[in-house]
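**Q** The structure's right below; bear with me while I get my questions together.
The values are calculated or read from the model by the stated rules, or taken from the named source; none is laboratory data. Keep in mind that this is a model prediction, so the values were computed, not measured. Neighbour counts run over all protein chains shown; Cβ positions are idealised from the backbone, glycine included.
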Amino acid sequence: MSVAPLLRKIFLVDLIKGLSVTFRSQHPNELITEQYPLERPWIAERYRGQPRMAVNPDTGESLCNGCGACALACPEKLITVTSDRDPVTKKKYMTSYTYDVSRCMFCGLCQESCPTDCIELSQDYEMALYSREGMTLDRVRLEKGPEPTEYAR
Amino acid sequence: MRPFLDYLHSNVTPGEYGSYLWAVIYILIIFAVASVAVMLMTWLERKILAHMQVRLGPMRVGPHGLLQPIADALKLLTKEDILPDEADKMVFWFAPVWVMMIAFLNYVVLPFGRTHAVTDMNIGILFVLGVSSLSVLGVIMAGWSSNSHYPLMGALRSSAQMVSYEVAMGLAIVSAVLMTSLNSTGTGTLSMIGIVEAQKAAGRWYIFSMFPLGLIAFLIFAIAMIAETNRAPFDLPEAESELVAGFHTEYSGFRWSLFFLAEYAAMIGISSVAVTLWLGGYLRPFPNLLSGHSWDLAFSLFPGLVFTGMALMCLIGAARMPKIPQMKVQTIGLWLFGAVIALIAAVLFLPGVRERVQDIFWFAAKVAVFMYLYIWYRGTFPRYRFDQLMNLGWKVLLPISLAVLILTALVGIRQDLSTVLMGVLR
Amino acid sequence: MSNSNFYDDAPVEAPGKTFLDSTEMVLNMGPQHPSTHGVLRVILKLDGEKVLGTECVIGYLHRGVEKIAENRTYAQFNPYVDRMDYVAAVSNGLGYCGAVEKLISAEVPKRAEYLRVILTELNRLASHQVWLGTHALDIGAITPLFYTFREREEILKIFEKYCGARLTTHAFRIGGCQYDAYEGFDREVLAFCDAQDPRLDEYEELLTTNRIWLERTKGVGILSAEDAIALGVTGPVLRGSGVRWDLRKAQPYCSYKDFDFEIPIGLSGDTFDRYVVRIQEMRQSLRIIRQAVAGLPEGPIMAKVPKVLKPPVGEIYHSIEAPKGELGYFIVSDGSTQPYRVRVRPPSFVNLQALDIMVRGRLVADVVAVIGTLDIVLGEVDR
């Protein structure tokens with residue numbers, strides 16, 4: 001065996017190199033922990049979280065026209081839309097809308113298929129509940145939108 | 001009453017003074033301090049390991065997780081005590097008791113200072129060696145009485161590992177003891193305080209004498225010490241990824257915590273032995289070279305300065321805490337903690353306390369370095385497989401320690417001969 | 001592999017003998033185990049510490065993904081494929097979309113292909129980082145896990161900014177990509193590549209020359225090239241045994257022809273070689289990503305695909321080089337909007353067969369190392 005590898009073996013060079021890597025990473029700049037819930041994470045704009053329905057900001061009416069494209073697009077068939085046709089203007093409007101979040105896999109196919117950009121997956125991820133009753137969202141809850149939780153500790 | 005308090009003016013250990021009562025008081029103090037140290041070790045391990053893994057560790061229980069050991073202790077005390085049906089109940093109960101007893105028995109002879117030891121047995125190091133071998137019995141008892149093959153395999157492996165590394169450890173100790181006899185009278189000593197005084201008389205720590213023999217003997221002891229306490233990289237018997245938890249698989253709650261604490265106590269005990277034998281024990285740096293009143297004063301200010309530094313860190317950290325209502329309790333806690341440490345620092349600056357505490361401080365500092373090394377190794381190295389572990393113990397460490405012993409003896413004879421010749425010629 | 005029942009060879013116990021008297025012990029590394037990478041049950045027949053044989057019991061994570069495919073349209077099935085190999089979700093999507101596009105003979109635009117390559121190679125890095133962290137953890141080195149997850153965090157942030165989800169990305173659509181690169185995408189990806197190079201050196205410094213690591217991985221779990229080809233293993237396991245086979249070079253798909261990269265191969269087929277192969281693959285992935293970002297063309301990102309997709313009657317098999325091996329999709333179409341059959345060829349399922357050969361005659365501690373080096377994900381094995 002040649003001299004250099006033998007010396008490296010005797011003087012434990014490889015072990016000391018490993019020790020120096022772990023020693024260096026103790027520097028405070030290297031820490032990456034985010035102390036949730038005191039520090040909230042940064043969420044991207046395209047994040048697919050809790051669904052919500054958009055409302056026309058001027059008139060307050062829902063943007064949904066009852067077409068049912070989202071219900072057709074959903075792989076889990078968890079959206080049910082009922083609609084009616086206005087006898088005067090001959091336009092369809094939505095009468096009821098339910099979204100079952102318990103089986104949702106947040107794939108985003110509903111928001112992609114919506115022609116009016118009404119249903120969208122917002123950036124809310126804190127959706128924990130104590131029972132299954134709150135998991136079927138109706139139109140009112142969807143239009144209210146995400147409610148960020150304030151933690152006491 | 002007077003003879004009782006007279007001890008405080010004397011300059012010897014309770015064993016030499018002959019007072020049983022003071023010995024008991026010393027034992028209680030050492031036990032309390034060791035228990036606190038062990039609890040502190042659990043917190044330190046989690047924090048330091050976390051920082052090496054670029055994360056923070058416990059942060060929520062107290063300020064920076066300082067109350068985490070208390071939370072852990074409460075949890076373990078209130079856990080259900082599971083006793084396996086087919087287990088041998090008497091032995092099952094006794095195994096953690098035995099291991100804990102043996103781990104703390106080491107502390108009787110450890111020299112925390114020139115006069116700060118329970119007793120200074122004249123066979124001190126032999127006592128330590130014998131006692132640490134007894135802990136193997138506890139491990140085997142735990143594994144056998146659990147009546148299940150995971151703990152049995154773990155216990156047999158652990159005991160085989162501990163026994164093999166004790167041989168190398170013993171030989172390394174012998175070469176250190178041999179160096180105590182290389183003085184003018186030619187007689188060595190086995191007593192722990194005697195070994196430290198011999199290092200003081202020789203003028204250098206044994207790790208530096210007969211370079212590189214002292215260093216190699218120290219390294220052999222350091223490696224064997226890690227294998228004795230079943231810590232990484234030799235922790236296969238308790239490797240989670242393979243045998244669940246080795247010999248303490250079936251133990252839960254308080255019994256498991258006894259094993260856990262005994263492991264840390266054994267770590268501190270055996271590091272103290274290493275510090276005594278090679279790193280000059282309770283001696284301050286350069287006792288002979290930098291001697292004299294002013295140097296003594298400068299070195300005796302060290303403990304106070306260290307505690308002041310720690311207090312400043314706590315107080316500055318408390319000032320930098322986020323000022324939100326959720327963090328109020330933690331911030332107050334950190335201010336109080338900083339205040340307590342500042343108080344201890346102030347006490348350590350008092351002249352009466354300064355001299356007495358110096359020895360203990362330097363001893364504790366050296367042992368703390370070893371504890372950091374233990375945690376550092378755990379964070380860095382992978383685990384040895386069992387046959388590779390035994391290979392290392394028998395085929396590498398044992399021959400090297402034998403060679404070091406023989407070479408130390410030869411060098412010692414040469415030194416002795418040259419001294420004798422010098423004496424004859426003169 | 002023989003068809004006989006595993007327990008036929010077990011010794012018959014004489015009356016009065018207990019398990020402590022026999023020389024063979026049956027140990028169950030059960031579904032709940034810290035290092036079987038999921039719910040895998042491995043039944044080991046041991047003689048003391050030596051392994052005499054193994055049997056894997058799988059199916060604890062079976063979710064019926066292939067059956068679900070028969071009741072969804074082609075576009076609706078896309079989110080489900082991410083959940084198979086959940087560690088590297090983007091490549092599952094690439095394989096499925098590539099298979100359907102082959103079926104309908106759709107031409108994916110160049111820009112979409114380059115975006116797909118960038119995301120797939122980032123996903124390869126992420127998968128190998130999980131592998132490195134967990135493999136080192138099984139062998140006992142507990143810190144590389146956190147370092148690799150720190151890098152993986154950056155990759156997942158990029159995924160989140162691109163398509164909205166970190167793990168189950170649903171990044172591609174049939175015919176191209178739904179989302180275009182966001183503002184600052186190339187800048188962030190290049191910044192990540194520049195940060196990753198020294199980190200790879202850090203992992204190597206910590207492990208590659210470490211004597212304990214070498215002793216635990218050299219000579220452990222040797223798989224010869226003939227055995228590897230006979231069993232059908234693919235991916236880094238095959239390349240570690242010395243066979244130069246990478247689908248990105250052998251059957252190029254999705255514009256991999258345009259990029260210049262090398263395929264690392266190992267020499268002896270042991271665990272250490274597979275480790276080196278995967279680390280080198282990570283470096284080659286960085287090379288590909290840099291070339292793709294530099295050459296990202298302008299243009300559309302979605303081909304003209306009908307909204308209601310009815311592929312012609314027929315069947316197609318399309319496979320890609322996923323981080324774990326050859327991931328193949330066999331789709332049978334009967335002309336309707338829903339596929340007749342989707343069969344997934346998961347790389348981990350086939351690679352797991354090599355466990356028995358690699359572990360016979362070795363010690364129990366090596367079983368853990370070998371399961372780690374095969375890099376299996378039970379979501380893929382069980383589907």
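**Q** Answer yes if at least one residue in region A:77-96 is in the same structural domain as A:T136 (by TED's automatic domain parsing), outside any strand (DSSP E or B) and closer than 24 Å to A:Q123 by Cβ, and no otherwise.
**A** yes
**Q** Provide a single number: the residues in region C:145-176 that are touching an Asp or Glu at 6+ places or on another chain (Cβ under 9 Å), within 14 Å of chain B (Cβ to nearest Cβ) and crowded, with 21+ Cβ neighbours inside 10 Å.
**A** 1
**Q** If we keep just the residues of region C:180-208 that are outside any helix (DSSP H, G or I) and either free of Cβ contacts under 8 Å to residues at least 40 places away in the same chain or among the charged types (D, E, K, R) (or both), which is nearest to the other protein chains (Cβ to nearest Cβ)?
**A** Looking at the filtered set, the residue picked out is C:Y182.
**Q** As an exercise: evaluate A:S102 against (1) surrounded by 15 or more Cβ atoms within 10 Å (Cβ to Cβ); (2) of a type in the set (S, T, Y); (3) touching a Lys or Arg at 6+ places or on another chain (Cβ under 8 Å) and give the number of the one condition it does not meet.
**A** (1)
**Q** Let me ask you something else. Could you grab me the full set of residues in region A:6-41 that are in a helix (DSSP H, G or I) and more than 10 Å from chain C (Cβ to nearest Cβ)?
**A** Across region A:6-41, the qualifying residues are A:L6, A:L7, A:I10, A:I16, A:F23, A:P28, A:N29.
**Q** On to the next question. With the structure loaded, tell me whether B:V329 is modelled with pLDDT under 85 and either within 14 Å of B:L66 (Cα to Cα) or more than 25 Å from the chain's Cα centre (by Cα) (or both) or whether it fails that test.
**A** On the way: modelled with pLDDT under 85: yes; either within 14 Å of B:L66 (Cα to Cα) or more than 25 Å from the chain's Cα centre (by Cα) (or both): yes.
Yes, satisfied.
**Q** Of all helices (runs of 4 or more DSSP H) completely enclosed by region B:1-99, which ones contain at least 3 residues that are free of Cβ contacts under 8 Å to residues at least 40 places away in the same chain?
**A** Values: elements: B:2-6, B:14-17, B:20-52, B:68-77.
In region B:1-99, B:2-6, B:20-52, B:68-77 are the helices (runs of 4 or more DSSP H) which contain 3 or more residues that are free of Cβ contacts under 8 Å to residues at least 40 places away in the same chain.
**Q** Working only within region C:328-376, note down all residues that are over 17 Å from the mean Cα position of the chain (by Cα) and of a type in the set (S, T, Y).
**A** Within region C:328-376, C:S333, C:S336, C:T337, C:Y340 meet the criteria.
**Q** Within region A:45-88, track down each residue that is in contact (Cβ under 8 Å) with a residue 60 or more places away in the chain and within 12 Å of chain C (Cβ to nearest Cβ).
**A** Residues satisfying the conditions are A:E45, A:Y47, A:R48, A:G49.
**Q** Suppose we filter A:E133, A:E112 for residues that are under 27 Å from C:V308 (Cα atoms) and not in a loop (DSSP other than H, G, I, E, B); which single one remains? Before the answer, list the steps.
**A** Values: A:E133 fails: under 27 Å from C:V308 (Cα atoms).
Criteria check complete, one pass: A:E112.
**Q** Just one of the numbered conditions (1) at the interface with another protein chain (Cβ under 9 Å from one of its Cβ atoms); (2) modelled with pLDDT of 90 or more; (3) closer than 27 Å to C:R274 by Cβ is not true of C:R211; which one?
**A** Failing condition for C:R211: (2).
Residues are listed down the side, and each one gets a yes or a no for (1) among the aliphatic types (A, V, I, L, M); (2) surrounded by fewer than 20 Cβ atoms within 10 Å (Cβ to Cβ); (3) within 14 Å of another protein chain (Cβ to nearest Cβ); (4) within 18 Å of C:L132 (Cα to Cα):
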position	(1), (2), (3), (4)
C:K307	no, yes, yes, no
C:G314	no, yes, no, no
C:P323	no, no, no, yes
C:D334	no, yes, no, no
C:R341	no, yes, no, no
C:G372	no, no, yes, yes
C:L378	yes, no, no, yes
C:R383	no, no, no, no
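**Q** Right, another one. Cβ-Cβ distance below 8 Å, separation of 6 or more or different chains: which pairs start in region B:375-392 with a residue that is more than 7 Å from chain C (Cβ to nearest Cβ) and end on one that is assigned to a loop (DSSP other than H, G, I, E, B) and of a type in the set (A, V, I, L, M)?
**A** B:Y377/B:A232; B:R378/B:A232; B:R378/C:I142
**Q** Filter region A:1-37 for residues that are surrounded by 10 or more Cβ atoms within 10 Å (Cβ to Cβ), free of Cβ contacts under 8 Å to residues at least 12 places away in the same chain and closer than 30 Å to A:E150 by Cα and give the result.
**A** A:E30, A:L31, A:I32, A:T33, A:E34, A:Q35 - these are the residues of region A:1-37 that are surrounded by 10 or more Cβ atoms within 10 Å (Cβ to Cβ), free of Cβ contacts under 8 Å to residues at least 12 places away in the same chain and closer than 30 Å to A:E150 by Cα.
**Q** Can you pull out the residues in region B:282-311 that are farther than 20 Å from B:R356 by Cβ, in contact (Cβ under 8 Å) with a residue 24 or more places away in the chain and out of contact with any helix residue (DSSP H, G or I) (no Cβ under 6 Å at 6 or more places or on another chain)?
**A** Within region B:282-311, B:N288, B:L289 meet the criteria.
**Q** Within region C:261-282, does at least one residue satisfy the condition of being in contact with a helix residue (DSSP H, G or I) (Cβ under 9 Å, 6 or more places away or on another chain), within 14 Å of another protein chain (Cβ to nearest Cβ) and hydroxyl-bearing (S, T, Y)?
**A** yes
**Q** Suppose we keep only residues that are modelled with pLDDT of 85 or more and in contact with a Pro (Cβ under 8 Å, 6 or more places away or on another chain) within region A:133-153. Which one would you say is surrounded by the fewest Cβ atoms within 10 Å (Cβ to Cβ)?
**A** Step by step, filter region A:133-153, then rank; the result is A:L137.
**Q** Read through the list (1) more than 30 Å from C:K157 (Cβ to Cβ); (2) free of Cβ contacts under 8 Å to residues at least 60 places away in the same chain; (3) surrounded by 12 or more Cβ atoms within 10 Å (Cβ to Cβ), then give the number of the only condition that A:K91 fails.
**A** (3)
**Q** Can you tell me how many residues in region C:209-245 are part of a loop (DSSP other than H, G, I, E, B) and crowded, with 24+ Cβ neighbours inside 10 Å?
**A** Residues that pass the stated criteria total 6.
**Q** Among the residues in region C:116-135, are any in contact (Cβ under 8 Å) with a residue 24 or more places away in the chain, touching a Phe, Trp or Tyr at 6+ places or on another chain (Cβ under 9 Å), within 14 Å of chain B (Cβ to nearest Cβ) and among the hydrophobic types (A, V, I, L, M, F, W, C)?
**A** yes
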